[in-house]
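Novice: Handing you this structure, nothing more for now.
The values are calculated or read from the model by the stated rules, or taken from the named source; none is laboratory data. Everything quoted here is computed from the prediction, not taken from an experiment. Neighbour counts run over all protein chains shown; Cβ positions are idealised from the backbone, glycine included.
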Amino acid sequence: MYSEKVMDHFQNPRNVGEMENPSGVGTVGNAKCGDIMRMYLDIDENGIIKEAKFKTFGCGAAVATSSMATELVAGKTVQEALEVTNKAVMEALDGLPPVKVHCSLLAEQAIHAALWDYAQKNGIKIEGLEPPVNDIEELEEEEEY
Amino acid sequence: MYSEKVMDHFQNPRNVGEMENPSGVGTVGNAKCGDIMRMYLDIDENGIIKEAKFKTFGCGAAVATSSMATELVAGKTVQEALEVTNKAVMEALDGLPPVKVHCSLLAEQAIHAALWDYAQKNGIKIEGLEPPVNDIEELEEEEEY
Amino acid sequence: MKEFVYLDNAATTKVRPEVVEAMLPYFTEIYGNASAVYDFGQKCKQAIEDARETIGSSIGTKASNIYFTAGGSESDNWALKGVAEAYKDKGKHIITTKIEHHAILHTCAYLEQQGYEVTYLDVDADGLVSPEDVKKAIRPDTILISVMFANNEIGTIEPIEEIGAIAHEHGILFHTDAVQAYAQVPIDVEKMHIDLLSASGHKLNGPKGIGFLYIRQGLKLKSFIHGGAQERKRRAGTENVPGIVGLDKAVEIAMATMDERIKKESELRDYLIARIEDEIPFAKLNGHRVKRLPNNINFCFRFIEGESMLIMLDMAGICGSSGSACTSGSLDPSHVLLAIGLPHEIAHGSLRLTLSDEITKEQLDYVVDHLKEIVAKLRSMSPLYED
Amino acid sequence: MKEFVYLDNAATTKVRPEVVEAMLPYFTEIYGNASAVYDFGQKCKQAIEDARETIGSSIGTKASNIYFTAGGSESDNWALKGVAEAYKDKGKHIITTKIEHHAILHTCAYLEQQGYEVTYLDVDADGLVSPEDVKKAIRPDTILISVMFANNEIGTIEPIEEIGAIAHEHGILFHTDAVQAYAQVPIDVEKMHIDLLSASGHKLNGPKGIGFLYIRQGLKLKSFIHGGAQERKRRAGTENVPGIVGLDKAVEIAMATMDERIKKESELRDYLIARIEDEIPFAKLNGHRVKRLPNNINFCFRFIEGESMLIMLDMAGICGSSGSACTSGSLDPSHVLLAIGLPHEIAHGSLRLTLSDEITKEQLDYVVDHLKEIVAKLRSMSPLYED
Ligand SMILES: Cc1ncc(COP(=O)(O)O)c(C=O)c1O
Ligand SMILES: Cc1ncc(COP(=O)(O)O)c(C=O)c1O
Ligand code: FES
Ligand code: FES
């Protein structure tokens, strides 16, 4: 059901763990499936993400997207990190089953939440960044029969 | 689906045919299944049935019950022949499947019709004999769902 | 010498050995739950999706429009009740024909009890539905037209493409019960404007207890069996994986051999028809002579009754049927034969013989030889003959 | 070393080789139409009647009260919709529970749309329905009580006999979904006052795509699949003879081995429960500890999520499930676990392992060893653990 890349990131998740003094940390949850993701970012004085770490309570797709997201944002500027959308994460993982698309939103939102925390702490404004939501609503509509 | 006796009477029906100058002849039909049975009786001056013959357009059970009915009435008095009911015919055949019970009514009614004809021709009254019906109505009720 | 000649293939068929072979591993080796997470279940899921693919392409549509059911009757019930319910706000009128299978007719009777109105179209003496009649029957509240692809008793093939075109011109859904026609004659749901199509595995040398409903993409249809999320939430119940795999194989073979079978069976059919017509008096062919399923032969023999004929044929090792398969336990004369205008007594004397691709000409000769004797014998017993 | 341990027998089971053996002739040799006149079809009919006999006596009733269906979901749909329709003049209220299978719950939701009222009873923390609650829910217009014999997720066996007695005291029909319990624990429809009972073949090492509905004699029940006159006119569709023959064999074996299996599986079940409780912290057994299906183990492991666990178990060759079988493709937390009072996050971390009589203690040791590691690994990734 999952691609090889997803399985690889699920079995050997990169960057699992916590961070002592993160530049930003964000926790998001998904009301529908009850899963939770926490993302830690270490951002240097030039606004470059040096490292990202995560902890996730969630399905295989949630773990894999968290892992992939941490890899994708590392080395990017804060502004570039905003472009690591759920679509980008999914593509990097060679896709997800339709029913699991929403899981990748968790990763996107977790990045945004951590960046927001960083922005708040440093009193800066990141172009295009919205305040984090507590609950990720279901974005796709399910087919009705 | 049929007993051995039924199959025997179906394969080797006794007394199939017509009669030149029958003492009585009766034809009955079954509205429900469109089958027709004609019974000929040769009755002597003592009111004893010397021979019975039949022709039947009908299912296996109809043919077998006709055949058995002609055997059962032969040698009987007119009065005794009235006791050759559909139940008696069925018993003599070791039973019929439930859906075929009504076919044996054809045989009973054919005997009655032939006896009625004999009674009419000779201006006598046979105790307990009712005028023949043209159509045998379904007597059993089918289960309704 | 007594032979065994099975000529009831319209009722049900022998499962092909290759089909059984394909099914076997799914009983005892690959038996996991197809909806499960584990890889072992995904193997079953894959087998199901492969079957959907085979079947979809056999009627010119995408795999995702195929939904597995337990057979033709369920598919018919689902199509009719599902449309009736989903479109009741649009209207409550359904058009069908007098010669449909009971799976359609009894479902329509049920819908009538629920407040729907059903128009039952007449057919001509060959069993053909007139597209003109279909057009005339259409009302503003018509939500569904259901016309069988080919009749199960007399084999007549209906003008499905024309009827489908009329339905779609009027924006009305079109269902066809293709239980008899599927994989016997070519079907293209796009070209023929078919929105819903019912089929059953055991009519094409596949397993019993499996069938499918084709549902045009985007069509709203209420579920019929509610429960688990199988079949994309539209048909509940643990997937019958061996049945589906068997159906896949049966369809694959049936489609690959279709042209050849049509040729062979049509020839044998016409040979049998000719011999009967030449050699047995008072025999009437039922159904259209040309627009006819390749494997169907149906005659009425006057003055005699069907069941007696069947029993005598059986004694000679010949399996045939009289009236429709599902109701040969019943006493009513075939509604199809009445609809083509036969009187009751004649309708009672019908015999349906349906071929498979295993039947030989020699077997048919054996059948005619016996049939002649049987008909003669029963006529000699009949009060209607030479009377 | 990687083993293969199939612990999803509540979802579906391996077909016993003897069952396949029994079915085989009915695919390619005895394939005639069971409703036909010819002797060849009568052989199928006989096989069907033999199966009906076996099944009838397995639940203490006559053969004629058993009606074959395509599985548990169809049986459930038929029982509920059939009663609802036949008794609507008497009333439109149905009582069921919050922990029924979706085949019941979604059918009830459908009936609600049709104007019926449904009371969904709560259960206690062990998943038990209280007969007292059933009594309190009864209204003058209650026409049906439907309570499952045993729950498919947590294995709790309900007080069916008491509930049946209450139903009958009040002149109300009683249906039980015994899909999980049938042939696993003793059932007597007379003693337990059961009017309708659903079962499915593939849960007892029989084939998929076949099941039955027991209908008490004399009970009026509308047909669900309309069409041909099969199953004494109550359920249309060409009989799935191989499926029925397979079910016959599966039931015969299951009934003959029931006592022994109950003993063996209960012991293994309790062994596995004990090891998990002793060796894995924050593990909570779901379902009643004693009133429990012999083959069911269901735990919640806090701080982790079910699907991740399943994938990791699968990597070790262990097949389990999380939530109900039919919905493990779904994201909703199990309605059963919510009904016994678990909060969402905990309900998400459930694991169901269900035994067969082929499972050994060594296999369960293998499972626990892996499970310990997996739970530990997932907890180390969880933001909820030691937080
Ligand atoms: C309690 C219960 N009822 C009904 C069903 C549905 O049975 P089937 O999948 O055979 O239709 C199941 C199995 O999934 C079940 O466990
Ligand atoms: C035209 C037609 N429709 C529907 C059916 C019902 O199919 P099944 O018996 O597989 O349910 C049949 C077969 O009996 C049929 O011939
Ligand atoms: S994150 Fe909940 S299902 Fe994937
Ligand atoms: S006499 Fe008509 S069915 Fe037997």
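Novice: Output the residues belonging to segment D:112-132 that are in a helix (DSSP H, G or I) and either of a type in the set (Ser, Thr, Tyr) or under 22 Å from residue D:87 (Cα atoms) (or both). Reasoning before the result, please.
Specialist: The first filter runs over segment D:112-132 and keeps only residues in a helix (DSSP H, G or I), leaving D:112-113, D:131-132.
Scanning segment D:112-132 gives D:112, D:113.
Novice: Is it the case that segment D:328-342 has a residue that's part of a strand (DSSP E or B) and either of a type in the set (Gly, Ala, Ser) or within 21 Å of the chain's Cα centre (by Cα) (or both)? Quick ask: steps written out before the conclusion?
Specialist: Looking only at segment D:328-342, we keep the residues that are part of a strand (DSSP E or B), and these are none.
No, segment D:328-342 contains no residue that is part of a strand (DSSP E or B) and either of a type in the set (Gly, Ala, Ser) or within 21 Å of the chain's Cα centre (by Cα) (or both).
Novice: Against the condition in contact (Cβ under 8 Å) with a residue 60 or more places away in the chain, under 27 Å from residue D:261 (Cβ atoms) and more than 16 Å from ligand 4 (Cβ to nearest atom), how does residue D:185 come out, does it pass?
Specialist: Answer is yes for this residue.
Novice: Out of the residues in segment C:207-220 that are facing another protein chain (nearest Cβ under 10 Å) and either within 22 Å of the chain's Cα centre (by Cα) or within 16 Å of ligand 1 (Cβ to nearest atom) (or both), state the one that is farthest from residue D:75 (Cα to Cα).
Specialist: C:207
Each row is one residue, and each column tells you yes or no for (1) modelled with pLDDT of 95 or more; (2) within 14 Å of the chain's Cα centre (by Cα); (3) surrounded by fewer than 24 Cβ atoms within 10 Å (Cβ to Cβ); (4) under 17 Å from residue C:75 (Cβ atoms).
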residue	(1), (2), (3), (4)
C:118	yes, no, yes, no
C:121	yes, no, yes, no
C:138	yes, no, yes, no
C:163	yes, no, no, no
C:166	yes, no, yes, no
C:178	yes, yes, no, yes
C:185	yes, yes, yes, no
C:188	yes, no, yes, no
C:200	yes, yes, no, yes
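Novice: Hey, among D:34, D:47, which residue is closer than 24 Å to residue C:8 by Cβ and more than 10 Å from chain C (Cβ to nearest Cβ)? Walk me through it before giving the result.
Specialist: Details: D:34 fails: more than 10 Å from chain C (Cβ to nearest Cβ).
After ruling out the rest, the residue left standing is D:47.
Novice: Name every residue in segment C:343-387 that is surrounded by 14 or more Cβ atoms within 10 Å (Cβ to Cβ), part of a loop (DSSP other than H, G, I, E, B) and within 11 Å of chain B (Cβ to nearest Cβ), in order of residue number.
Specialist: Listed by number, the residues that qualify are C:348, C:349, C:382, C:383, C:384, C:385.
Novice: Among the residues of segment B:4-20, are any within 13 Å of ligand 4 (Cβ to nearest atom), more than 28 Å from residue D:45 (Cα to Cα) and not basic (Lys, Arg)?
Specialist: Step one: list which residues in segment B:4-20 are within 13 Å of ligand 4 (Cβ to nearest atom), which gives B:6, B:10.
From what's left, more than 28 Å from residue D:45 (Cα to Cα): none.
No, every residue in segment B:4-20 fails to be within 13 Å of ligand 4 (Cβ to nearest atom), more than 28 Å from residue D:45 (Cα to Cα) and not basic (Lys, Arg).
Novice: Can you list the helices (runs of 4 or more DSSP H) found entirely within segment A:1-109 that contain at least 2 residues being surrounded by fewer than 17 Cβ atoms within 10 Å (Cβ to Cβ) and within 12 Å of another protein chain (Cβ to nearest Cβ)?
Specialist: Values: elements: A:4-11, A:60-73, A:78-81, A:86-92.
Counting at least 2 such residues, we get A:4-11.
Novice: I would also like to ask the following. Among the residues of segment A:103-122, how many are more than 12 Å from the chain's Cα centre (by Cα) and within 12 Å of ligand 3 (Cβ to nearest atom)? Outline the logic, then answer.
Specialist: Applying the first criterion (more than 12 Å from the chain's Cα centre (by Cα)) to segment A:103-122 yields A:116-122.
With within 12 Å of ligand 3 (Cβ to nearest atom) added as a condition, the list becomes none.
Of the residues in segment A:103-122, 0 are more than 12 Å from the chain's Cα centre (by Cα) and within 12 Å of ligand 3 (Cβ to nearest atom).
Novice: So residue D:39 ticks every box in (1) closer than 28 Å to residue C:68 by Cβ; (2) away from ligand 4 (no atom under 16 Å from the Cβ) but one. Which box is left unticked?
Specialist: (1)
Novice: Taking the stated definitions as given, is residue C:330 closer than 27 Å to residue B:55 by Cβ and at pLDDT below 90? First the steps, then the outcome.
Specialist: On the way: closer than 27 Å to residue B:55 by Cβ: yes; at pLDDT below 90: yes.
In short, yes.
Novice: Same structure, new question: For residue C:40, work out the one condition from (1) more than 30 Å from residue C:153 (Cα to Cα); (2) more than 9 Å from chain D (Cβ to nearest Cβ) it doesn't fulfil.
Specialist: With (1) more than 30 Å from residue C:153 (Cα to Cα); (2) more than 9 Å from chain D (Cβ to nearest Cβ) applied to residue C:40, the lone miss is (2).
Novice: In segment D:222-237, which residue that is over 16 Å from residue C:108 (Cβ atoms) and touching a Cys at 6+ places or on another chain (Cβ under 7 Å) is modelled with the lowest pLDDT?
Specialist: First, the residues of segment D:222-237 that are over 16 Å from residue C:108 (Cβ atoms): D:229-235, D:237.
Retained after the next criterion (residues that are touching a Cys at 6+ places or on another chain (Cβ under 7 Å)): D:229-230.
Working: D:229: 87, D:230: 93.
Result: D:229.
Novice: From D:244, D:304, grab the single residue that is within 16 Å of ligand 3 (Cβ to nearest atom), facing another protein chain (nearest Cβ under 10 Å), hydrophobic (A, V, I, L, M, F, W, C) and in contact (Cβ under 8 Å) with a residue 12 or more places away in the chain. Quick ask: steps written out before the conclusion?
Specialist: Details: D:244 fails: within 16 Å of ligand 3 (Cβ to nearest atom).
Going through D:244, D:304 in turn, the sole match is D:304.
Novice: Give the residue, chosen from D:275, D:289, D:232, that is among the charged types (D, E, K, R), surrounded by fewer than 19 Cβ atoms within 10 Å (Cβ to Cβ) and within 30 Å of residue D:53 (Cβ to Cβ).
Specialist: Numbers: D:275 fails: within 30 Å of residue D:53 (Cβ to Cβ); D:289 fails: within 30 Å of residue D:53 (Cβ to Cβ).
On inspection, the qualifying residue turns out to be D:232.
Novice: Looking at (1) surrounded by fewer than 24 Cβ atoms within 10 Å (Cβ to Cβ); (2) touching a residue at least 12 places away in the same chain (Cβ under 8 Å); (3) in a loop (DSSP other than H, G, I, E, B), find the lone condition where residue D:252 falls short.
Specialist: Condition not satisfied by residue D:252: (3).
Novice: Determine which member of the set D:91, D:82 is away from ligand 2 (no atom under 16 Å from the Cβ), in a helix (DSSP H, G or I) and touching a residue at least 12 places away in the same chain (Cβ under 8 Å). Before the answer, list the steps.
Specialist: Values: D:91 fails: in a helix (DSSP H, G or I).
Result of the check over D:91, D:82: D:82.
Novice: Here's something else I'd like to know. Could you list, in sequence order, all residues of segment D:86-107 that are closer than 23 Å to residue C:70 by Cα and surrounded by fewer than 21 Cβ atoms within 10 Å (Cβ to Cβ)? Please lay out each step first, then the result.
Specialist: Here is the first cut: in segment D:86-107, the ones closer than 23 Å to residue C:70 by Cα are D:101-107.
Once the filter is applied, which keeps residues that are closer than 23 Å to residue C:70 by Cα and surrounded by fewer than 21 Cβ atoms within 10 Å (Cβ to Cβ), segment D:86-107 yields only D:105.
Novice: Moving on. Can you spot a residue in segment C:270-285 that is out of contact with any Cys (no Cβ under 7 Å at 6 or more places or on another chain) and within 14 Å of chain D (Cβ to nearest Cβ)?
Specialist: No: zero hits.
Novice: Out of the residues in segment C:343-358 that are touching a residue at least 12 places away in the same chain (Cβ under 8 Å) and within 18 Å of residue B:57 (Cα to Cα), state the one that is farthest from the chain's Cα centre (by Cα).
Specialist: C:345
Novice: Right, something else. Criterion first (within 9 Å of chain D (Cβ to nearest Cβ) and small (Gly, Ala, Ser)) does residue C:70 satisfy it? Let's see the steps before the verdict.
Specialist: Details: within 9 Å of chain D (Cβ to nearest Cβ): yes; small (Gly, Ala, Ser): yes.
So residue C:70 passes the test.
Novice: Here's a follow-up. Please find, within segment A:106-116, the residue that is nearest to ligand 4 (Cβ to nearest atom) out of those that are closer than 14 Å to residue A:66 by Cβ and touching an Asp or Glu at 6+ places or on another chain (Cβ under 9 Å).
Specialist: Step one: filter segment A:106-116 for residues closer than 14 Å to residue A:66 by Cβ, giving A:106-114.
Of the ones still in play, those that are also touching an Asp or Glu at 6+ places or on another chain (Cβ under 9 Å) are A:106, A:112.
Values: A:106: 70, A:112: 79 Å.
The extreme case among them is A:106.
Novice: It is to be established whether one or more residues within segment D:2-19 are free of Cβ contacts under 8 Å to residues at least 40 places away in the same chain, under 21 Å from residue C:246 (Cα atoms) and more than 7 Å from every other protein chain (Cβ to nearest Cβ). Steps first, answer last, please.
Specialist: To start, the set of residues in segment D:2-19 that are free of Cβ contacts under 8 Å to residues at least 40 places away in the same chain comprises D:17.
Still in the running and under 21 Å from residue C:246 (Cα atoms): D:17.
From the residues that got through so far, the ones that are more than 7 Å from every other protein chain (Cβ to nearest Cβ) too are none.
No, the conditions are met nowhere in segment D:2-19.
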